[in-house]
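Rule-based calculations on the coordinates, nothing more; no lab input. Everything numeric here is computed off the predicted structure, so don't read it as measured data. Here the Cβ positions follow ideal geometry from the backbone for every residue, glycine too, while neighbour counts run over all protein chains shown.
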Amino acid sequence: MGVEVVVEGLTKSFGQQRIWQDVTLTLPAGEVSVMLGPSGTGKTVFLKSLIGLIKPERGRVLINGVDMVSSSERRINEIRKMFGIMFQDGALFGSLNLFENVAFPLREHTRKKEHEIRRIVLEKMEMVGLAGAEGKLPGEISGGMRKRAGLARALVLDPEIILCDEPDSGLDPVRTAYLSQLLIDLNAQIDATMLIVTHNIDIAAKVPDNMGMLFRRNLVMFGPREVLLTSEEPVVAQFLHGRRRGPIGMSEEKDAATLAAEAAAPLADDEDDEPFKIPRQLRPSPGMPPRRAAARRRERVLAMLHTLPPQAQHAILESLNAEAAHQPHQPVPAPAGAPAAQPAQPSVPPQAPQAPQIVPPPGGHAPPPGPRLLPPEGPAGPPAGGPR
Ligand SMILES: Nc1ncnc2c1ncn2[C@@H]1O[C@H](COP(=O)(O)OP(=O)(O)OP(=O)(O)O)[C@@H](O)[C@H]1O
């Protein structure tokens with residue numbers, strides 16, 4: 001399984017330009033996380049800081065106890081071998097065919113024999129749907145194929161942490177959808193810790209277990225997908241719903257007067273959307289193993305559920321309920337301290353698999369029929385400072 005990446009108080013400037021400050025978060029082991037943010041907010045700089053290619057002036061990035069900011073190059077290089085990185089453009093060598101491009105890290109960093117290299121390269125190319133394209137040059141294939149070749153190359157050293165920098169850039173929506181599914185399937189197969197940098201809200205809504213958002217030189221929020229997708233934090237809500245109304249402007253932050261004028265104006269037709277509907281996360285393709293990461297995340301969400309506003313609690317329980325309905329043999333785990341999952345309602349035949357039970361938050365609406373899940377006990381209210 002992948003390893004946890006702990007980021008503490010990370011601050012980076014280039015000369016006088018502060019990129020972000022005091023970024024603190026943990027990428028949970030084996031889960032898929034996404035870092036969002038408008039253009040220029042320093043997402044790529046963050047990603048490069050995790051592997052020690054960019055040195056923040058303050059803070060730590062801890063992986064297996066090694067600080068990627070301040071450790072010796074020798075120790076950092078050791079940890080770097082745990083990473084697989086998919087660059088924006090695939091970063092392929094134009095003069096090498098796909099086989100040689102994918103084989104490159106194996107030839108550089110291992111002493112494997114040729115037949116082993118061949119086996120590994122063909123296996124990874126098969127995984128990303130490029131079997132048969134080994135002889136092609138990067139200039140002869142589509143952008144989507146180049147991305148997948150870049151992903152195959154990122155996989156050959158069996159990474160425990162995979163970083164993807166804007167995997168969707170330059171792809172049409174259909175190819176982006178295929179790539180999103182590929183990332184989920186990959187996570188199901190190898191259980192690696194993954195961080196995807198993107199501003200594609202479709203990927204953000206359907207792929208990750210966790211989401212983070214950079215804005216105005218700060219990490220606005222980081223937490224499980226359900227928490228951000230129901231968040232009323234203005235920047236997060238504006239970004240995830242792709243709205244014009246909110247603190248994010250066309251070229252820069254809006255000033256206070258513009259924000260006040262917006263607040264006073266009626267909603268435009270296209271802004272009248274439902275804020276509390278959580279889109280379904282992609283499931284692994286048929287034949288793939290179930291994602292263990294999703295179960296771990298659900299457990300975390302349940303443990304923090306009572307700290308969230310009632311509407312968010314209700315939407316989250318509905319969403320977990322829908323997931324459980326599709327996986328009757330993998331009931332949502334009961335949160336720590338909460339009563340154990342309840343037996344199904346009397347209408348469920350005795351031989352049916354026992355399903356968890358949803359109870360709506362106080363004041364909430366009745367949940368839809370189906371498997372039910374009990375939320376943890378505790379007062380409803382907004383989280384202190386947002387999840388991290
Ligand atoms: N090596 C560098 N030296 C100086 N400034 C840099 C360097 N790398 C990045 N920057 C600056 O850091 C800021 C953040 O850049 P970054 O590429 O991380 O943003 P981003 O959020 O990934 O943007 P996008 O979504 O458009 O790719 C930019 O203003 C960029 O010019």
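Some points to look at:
- Legend: ranking of residues Lys43, Lys55, Lys112 from fewest to most surrounding C-beta atoms inside 10 Å; resulting order Lys55, Lys112, Lys43.
- Per residue, the Cα convex hull of the range 1-65 amounts to 83 Å³.
- Per-residue Cβ neighbour counts within 10 Å put Phe93, Phe104 in the sequence Phe93, Phe104, beginning with the fewest.
- FRET efficiency estimate (nearest 0.05) - Cβ-Cβ, Ser169 to Ser285, R0 25 angstrom: 0.60
- Charge dipole magnitude, Cβ of K and R +1, D and E -1 - the range 5-224, Cα centre, debye nearest 20: 580
- By other beta-carbon atoms within 10 Å, ranking Ile196, Ile201 with the fewest at the front produces Ile201, Ile196.
- Projected over every direction and averaged, the convex hull enclosing the alpha-carbon atoms of the range 5-224 yields 12.0 nm².
- Placing a label point 7 Å from the Cα of Ser142 along the Cα-to-Cβ line, the residues of the range 156-180 whose backbone N sits under 15 Å from it are 168-180.
- Over 23 Å apart at the Cα level, from the set Lys48/Lys81; Lys12/Lys48; Lys55/Lys112; Lys43/Lys147, are Lys55/Lys112.
- 3J(HN,Hα) from dihedral phi, the range 206-222, Karplus parametrisation 6.51/-1.76/1.60, rounded to Hz, x for glycine, proline: 10, 9, x, 8, 10, 9, x, 9, 9, 6, 6, 6, 9, 7, 5, 6, 8
- Across the range 182-191, computed HN-Hα scalar couplings (Karplus, 6.51 cos²θ - 1.76 cosθ + 1.60, θ = phi - 60°) run 4, 5, 5, 4, 4, 5, 5, 6, 10, 6 Hz from first to last residue, x flagging Gly and Pro.
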